[in-house]
1. Can you grab the distance from the C-alpha centre of the range 12-84 to the C-alpha centre of the range 378-394, Å, no decimals?
2. Under 14 Å from a point 7 Å along the Cα-to-Cβ line of Val24: which residues of the range 353-395 have their amide N that close?
3. Check cross-link reach from Lys31 to the lysines: straight Cα distance under 30 Å, and skip same-chain residues fewer than eight apart.
4. For the range 74-120, which trypsin sites (Lys or Arg not before Pro) are in a loop by DSSP, counting at most 16 other Cβ atoms within 10 Å?
5. Taking the convex hull of the Cα atoms, report for the chain its projected area averaged over all directions, in nm².
6. Taking a 1.4 Å probe, which of Lys184, Lys405 shows the most accessible area, and what order do the others take after it?
7. For Ala232 and Gln392 in the same chain, what is the full-extension length gain: residue separation times 0.36 nm, less their Cα-Cα distance, in nm?
8. Taking the 0 to 90 degree range and rounding to the nearest ten, how far is the long axis of helix 246-257 tilted relative to the main principal axis of the chain, both from C-alpha atoms?
Amino acid sequence: MICFWILLAIPALAQPSWEPQASVDIMEALKKTGAPSVSVVIIQDGNVAFSKAFGKADLASNRAAETATRYAVGSISKQFTVAAILLLQEEGRLSLDDKVGKFFPDLTQANQITIRQILSHTAGYEDFAPQDYLIPEWTHPTTSAAILEKWARKPLNFDPGSRWQYSNTGYVLAGSIVEKASGKPLVAFLREKILDPLGMASAGDCNDRSTVDATAYTRFALGPPRPVGREAKGWYDGAGELCMAAPDLAKWDLGFLQHKILSPASYEQFTREVPLQNGDASHYALGLSVRDFHGIPTLTHGGEVSGFLALDEMFPTRRGAVIILSNEDGISLIEPLGAELAQLVFLPSQPAESAADTARVRAILEDLRRGKVQADQLTENLRSYFTPEALQDIRTSLAGLGPLKSVTRSNEALRGGMTYRSYHAQFSKKTVGLSVYITPDGKFEQFMVVESL
């Protein structure tokens, strides 16, 4: 066991230059969505650079969210279940390549499905919890054994290894394997091996309620936050049972990024994408999605249980992470905000969108809708592009799209000694793309309107 009993300290940086803008972005996101609160931690260069809570943990009592406020992290819990399995493998109690039948022989095709497959969502067990709202069945207590009896004895959705399909059932099974192999309840095992050693004092079973817990809210369409019930005991176990404060989740991320949690071999298996049998990509390792953010490798997972949304994005090559915990479901908040914060922190060379530049692009687009161009703003090359035929096609094809509602920059880069910018132009009936090159003297070398699917 490597470094597991070393309490992880979290050093903090001096206020980074992007901190004021991050706070503004978070507050604007709360205002725009109406979400009660978020708690956000940003790790940069192996240090906690930002840790703040915004909004209300409870609306009725006007209780403010604090960094110590606990939120349900939902399926982010799956990372901890994977770590438990890998620790047990290091101790020789099991192997990722063991068949499920070694521990639960009566489940469907148990002697054909490996532990690795249930952890990578390639086993074929049907997900017992695909809904994004609280169904009546979940308000009554259950057990992992009852879930497995009902759902893991059904015919598989596909042959093991042939497809990828998210399955909470598989992770309830994984948590049960941890309990059989270790002889301890899952959360007790996690507390002994991971939570306490990393100093994650707030982390634990969501059923063990705390006075610092955020209240759960939901939303119907664009309505206001509404208090919502929580899942009863026994429903999620290894799939999504944990609650914690955001700074404690940061301790997990720091330990993960610094390879202090597992052996190098375990870490490699944890983060390696599991391909399908035919070689197709799954974009999933073990309890982690394998993605990239503008070319930066990213290990990420979201979480959702009734009344809570969570996001944990790690950027190993930047020794960084973005953590967002929120106490309302039914809204699009954490992923757009996460991307905005990651852009701000990890891609500082990407300049902020200029209102003046965007207004200038919008003006040219409006001129094109009328079949006109201002020649003094264009290079000779671009003037040659806008032939009478081109101007007529642009005017005709854009005529039926309705009023232009917004123009938003989506990317900026350098190429050929010029600045390249792409934009989304949203009309009332359709959104189109704009591909723009600007010369150092401010003229447009390219202004193309393109189909946007």
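The values are calculated or read from the model by the stated rules, or taken from the named source; none is laboratory data. Nothing here was measured: the structure is a model prediction, and the numbers come from that model. So basically every Cβ, Gly included, is an ideal-geometry build from the backbone, and we count neighbours across all protein chains shown. Note: accessible area is taken over every heavy atom of the protein model, side chains too, but ligands, DNA and RNA are not part of it. Shrake-Rupley method; radii C 1.70, N 1.55, O 1.52, S 1.80 Å.
1. Cα centroid of the range 12-84 versus Cα centroid of the range 378-394: 49 Å apart.
2. 353-356
3. Cα-Cα hits under 30 Å: Lys52, Lys56, Lys251, Lys405, Lys429, Lys430.
4. On the way: sites: Lys78, Arg93, Lys99, Lys102, Arg116; in loops: Arg93.
Passing sites in the range 74-120 are Arg93.
5. So the Cα hull casts an average projection of 24.7 nm².
6. Numbers: Lys184 70, Lys405 125 Å².
Per-residue accessible area, sorted high to low, gives Lys405, Lys184.
7. 51.3 nm
8. Between the helix axis and the principal axis of the chain, the angle is about 90 degrees.
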